[in-house]
Amino acid sequence: MRSLLFILTLAIGTAVGLGLTWITTVDGYGPGLVRSGPWAAWPKAGTETADPYARAALARAGELPLELADGIAFVASTDSAGRALDGRCDIRLTGELPQARFWTLTVTDGQGRLIENAADRTDFTSAEVVWNRDGTLDVALGPRARPGNWLPTGARDRIVLTVRLYDTSVGLASRTSDAPVMPALVTESCP
């Protein structure tokens, strides 16, 4: 009887532990989240000091995160009003990006896969984008072509945006995890 109780306790403890780890790592890399509007980053996920939840999430996803010395990645799956990013809608990314030597903006589907499209474009880099006169950025995202900076969304119902800042002082020079000001994401129209 005692051994049965021990085995039952061990099984329940294992199930609860694994379940809580799954829940903690299913949407991101565990604790250590830095948020700026709809943008989220885990600055320490690619470092030696990453917590066990970040390591578990990275192992499960098979990803290789940026080392803090290389840069930082900010991910957005909602607009600035908190609505899920819908690739069937027209979305506008506007504002300033933190200072970085180089950056990329990538649009993927809800599972993190690049979206195939007729324009054969899935991202912008700091070398390609057309800047506003005041140094701000204005990028249109949507299923239909737009003049200027446009990223096609393939009319997917869920999209995710990732901004990777390379050789940046964000979270590096100051060794803090204070979130920088990131561009706004506005859903302009939806069918």
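So Thr25 clears everything in (1) surrounded by fewer than 15 Cβ atoms within 10 Å (Cβ to Cβ); (2) at pLDDT below 60 except one condition, right? Which one?
(1)
Where residues in the stretch 90-99 are surrounded by 21 or more Cβ atoms within 10 Å (Cβ to Cβ) and modelled with pLDDT of 95 or more, which of them is farthest from Gly142 (Cα to Cα)?
Leu93
Quick check on my filter: what residues within the stretch 138-149 are crowded, with 16+ Cβ neighbours inside 10 Å and closer than 18 Å to Glu96 by Cα?
Val139, Ala140, Leu141, Asn149
For (1) in contact with a Leu (Cβ under 9 Å, 6 or more places away or on another chain); (2) of a type in the set (Val, Ile, Thr); (3) in a loop (DSSP other than H, G, I, E, B), each residue gets a yes or a no:
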| residue | (1), (2), (3) |
| --- | --- |
| Ile91 | yes, yes, no |
| Glu116 | no, no, yes |
| Phe124 | yes, no, no |
| Gly135 | no, no, yes |
| Pro147 | no, no, yes |
| Ala179 | no, no, yes |
| Met182 | yes, no, yes |
| Val186 | yes, yes, no |
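Give just the number: which of (1) surrounded by 18 or more Cβ atoms within 10 Å (Cβ to Cβ); (2) modelled with pLDDT of 90 or more; (3) β-branched (Val, Ile, Thr) does Val170 not satisfy?
Answer for Val170: the failing condition is (2).
The values are calculated or read from the model by the stated rules, or taken from the named source; none is laboratory data. Nothing here was measured: the structure is a model prediction, and the numbers come from that model. So basically every Cβ, Gly included, is an ideal-geometry build from the backbone, and we count neighbours across all protein chains shown.
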